[in-house]
Protein chains: 2
Amino acid sequence: MIREQLKEAKKACRFMQNVKPEVKNKALKNISEALIQKSELIIQENQKDIAEAKNNGIKESMVDRLLLNKERIEAMAKDILKVIDLQDPIGTLVREIKRPNGLVIQQIKIPLGVIGVIYESRPNVTVDIASLCIKTNNVCVLKGGKEAIHSNRILVQIINEAIQDVLPAHTVTLIETKKREETLDLIQAHDYVDVIIPRGSAGLIQYVVKNATVPVIETGAGICHLYVDQEANLDMALEIAKNAKIQRPSVCNAIETILVHQKVAPEFLPKLQEIFKNVQIYGDEKTRKIIDCLEATEKNYATEYDDYICNIKVVDDIEEAIEHIYNYSTKHSESIITENKETAKYFMESLDSACVYHNASTRFSDGGEFGFGAEVGISTQKLHARGPLGLQEITSTKYMIYGNGQVRS
Amino acid sequence: MIREQLKEAKKACRFMQNVKPEVKNKALKNISEALIQKSELIIQENQKDIAEAKNNGIKESMVDRLLLNKERIEAMAKDILKVIDLQDPIGTLVREIKRPNGLVIQQIKIPLGVIGVIYESRPNVTVDIASLCIKTNNVCVLKGGKEAIHSNRILVQIINEAIQDVLPAHTVTLIETKKREETLDLIQAHDYVDVIIPRGSAGLIQYVVKNATVPVIETGAGICHLYVDQEANLDMALEIAKNAKIQRPSVCNAIETILVHQKVAPEFLPKLQEIFKNVQIYGDEKTRKIIDCLEATEKNYATEYDDYICNIKVVDDIEEAIEHIYNYSTKHSESIITENKETAKYFMESLDSACVYHNASTRFSDGGEFGFGAEVGISTQKLHARGPLGLQEITSTKYMIYGNGQVRS
């Protein structure tokens, strides 16, 4: 049954190729209005998920992530209107090559095709992804978590009613699978799906990477680093350390390890400890000579805590900091704090992480903060796209080649 | 043992980040000169592969693909000099975003990292890939076919001697595997390899797609189409059909099926049959009313012949042509022959194949013909890169973000 749904999605692709910007924007406007009109219905269905979550004893913060109320529905509806105003990448010229034989080769941005997204909890992701996909002529197949099934069902139903007179059928599909084998059907549907984007737990992402035959964009693994250089403004370093670790520790762009140059460690670490009162600190030997904390092991450096826990390591020089980051980073985001521009340049050029910051918090690695409107996820692989996945990142290209009878000799 | 080699390759990545253009070009020049100087040694080793191939009764055309002689070695050496002159994508600015909070976000082209290439037969591919990777600061891990093992060994040895004083160690690695499980080690080395590019038989590519956990760029599957419109210049259509089918049928950018508008079929098909004397033709019912040929089945339309065999189908209109291409194309290359620019535009915009031609042969889908110098392969997937893979296509990007103390609120 899932294969039938995917087959229909693939068919929809063909007709989405020719859909013009004004039609896409009309569809988005319709969805935005429908969400407002039907907010009571959405809240009613969402309450079923909330009740089940509470029955299952799910913790309060997770229940809150699931919740849709009037304000949150209005925010979703507004976000869709913002997507309408974003620059449309489809059909834009990437480059033009003129060949000596007279051929003119134009590389043009086109949709990726069928985008499968597997995600957990927050139901607003359903609307975010559907709207970014519609804006880029993509077809999406959404597999949300079972904890949000009533919310996702009603949201996709509302979306489909809102676009039915405007866009091809099966442009937005919700897949309901209960067994792992059915997820396999999705991630191995090589003929029907162009890319799979898993969002959620490390376990989910690893399962998809291991078992997919459809190309995957990996997202979200975030062991991020802050390096406090010998020429850092230490007040700035403290503010940024606080923001990057504590402001919202549960997200992937929060830091897990702070590397501190030996020359500033004696001054910096006690101050840091003061603002990290509610943070469990693991330090290396040199750190533990300066402040009192637990002993950091290899395992600590390789763990994404997503919690009020932080590793601290004192390094001899920038080379040791770079070496450490190469060994443990998931290549998501790293930041250097220094007043020396040459040092910053060296750090930023030497690393190959998706986002490398100078004198700023890693917490800015986010589609909204980059000005992308919304995001489908944050890529942590090198292939296709890096960092926040906005409209540009869910496109492919094709070559349109104009001749007047050329044949190859 | 392979995992040890891959670990070293990953280490080399870090040091390749900082290698400057003049250093890369010096390395390429050294390789080019060394190939000429050591051409006798190369020929001597290559003869071992040739002898084994003959012993194993491999067909003449395949033996010829393996052969390295003085002229071919000189051509390889010259091709490397051409790569030196190509525009270097690394470090170039893709886009700059200035945010209201003062952050400046620069998206910069960087190497992909470790590129694993699995390929068969022609040993010049070894030199092509190594030089494109060096030019783009990438590290490559090459797994050539066992039929070319002596040639590949000596070529990689010469490359490594030529670059040893210039580039980091392990920038170019040859992997020798005899068992399938060892290939598995390569394509599942998720921690060490950033992308796998399989080049060769459909069986090889499918094996890699099925079993890899490293991201894959699929290459080479080519069921390409030619559509002869009702407003086609039929002489041009004949020339292009001939070129696209017969000039070199064994390659992926040759066509397998010709779709002919019903209005021109009675005039076009007999002429086509005349120039297709050595081509086995499979036609649909309407075609068989006009010319004598075998009956085409679903299976024919879905087969990549790579041979003097061609399907012909008469279509009612352009919609039927597009529908057929959507059903059977591997999304490599398609061409329309028409004098009507609006018709051409509609055809080219409706399809999502990597290369869509107007009045030209599909045989131009090639890195050299596109002006890319050489190619690592031809991508037939939507993710990351499409069509010929040149220097631009073996890069990734990172964001370099400049602040002055910004934290997220």
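The values are calculated or read from the model by the stated rules, or taken from the named source; none is laboratory data. Bear in mind that the values here come from a model prediction, so they are computed numbers and not experimental data. Counting neighbours? That spans all protein chains shown, and the Cβs are built from the backbone with ideal geometry, glycine included. Quick note on the areas: whole protein, heavy atoms, side chains included, nothing else; ligands and nucleic acids left out. Shrake-Rupley method; radii C 1.70, N 1.55, O 1.52, S 1.80 Å.
Evaluation of B:R408 against the conditions (1) farther than 30 Å from A:K242 by Cα; (2) open to solvent by 10 Å² or more (accessible area, probe 1.4 Å); (3) assigned to a loop (DSSP other than H, G, I, E, B) shows that the sole unmet condition is (1).
Condition first: open to solvent by 80 Å² or more (accessible area, probe 1.4 Å), in contact (Cβ under 8 Å) with a residue 40 or more places away in the chain and under 29 Å from A:D185 (Cα atoms). Now tell me which residues in the range A:1-55 satisfy that. Listed by number, the residues that qualify are A:R3, A:K7, A:K11, A:F15, A:K48, A:E52. Taking the range B:12-34 as the search range and keeping residues that are touching an Asp or Glu at 6+ places or on another chain (Cβ under 8 Å) and at pLDDT 95 or above, which one is farthest from the other protein chains (Cβ to nearest Cβ)? So the residue we want is B:A34. For the range B:15-41, a residue qualifies if it is in contact with a Pro (Cβ under 8 Å, 6 or more places away or on another chain) and either among the aromatic types (F, W, Y) or more than 13 Å from B:T136 (Cα to Cα) (or both), and exactly one does: B:F15.
Among the strands (runs of 3 or more DSSP E) contained in the range A:68-151, which hold 3 or more residues that are under 25 Å from A:G200 (Cβ atoms)?
A:114-118, A:139-143
Just one of (1) of a type in the set (G, A, S); (2) open to solvent by 10 Å² or more (accessible area, probe 1.4 Å); (3) under 21 Å from B:I42 (Cα atoms) fails for B:G91. It is (3).
Of all the residues in the range B:355-379, those that are farther than 19 Å from A:Q406 by Cβ and within 7 Å of chain A (Cβ to nearest Cβ) number 0.
Residues in the range B:231-253 that are buried (at least 20 other Cβ atoms within 10 Å of the Cβ) and at pLDDT 95 or above: 8 in all. With respect to the conditions (1) acidic (D, E); (2) part of a helix (DSSP H, G or I); (3) at the interface with another protein chain (Cβ under 10 Å from one of its Cβ atoms), A:D352 falls short on a single one, namely (2).
I need the full set of residues from the range A:183-195 which are among the acidic types (D, E) and open to solvent by 60 Å² or more (accessible area, probe 1.4 Å), in order please.
Initially, the range A:183-195 is screened for residues among the acidic types (D, E), giving A:185, A:191, A:194.
If the condition is that a residue be among the acidic types (D, E) and open to solvent by 60 Å² or more (accessible area, probe 1.4 Å), then A:D185, A:D191 are the ones that fit.
Residues that are touching a strand residue (DSSP E or B) at 6+ places or on another chain (Cβ under 9 Å), polar (S, T, N, Q) and open to solvent by 10 Å² or more (accessible area, probe 1.4 Å) within the range A:306-346 comprise A:S329, A:T330, A:T343, listed in sequence order.
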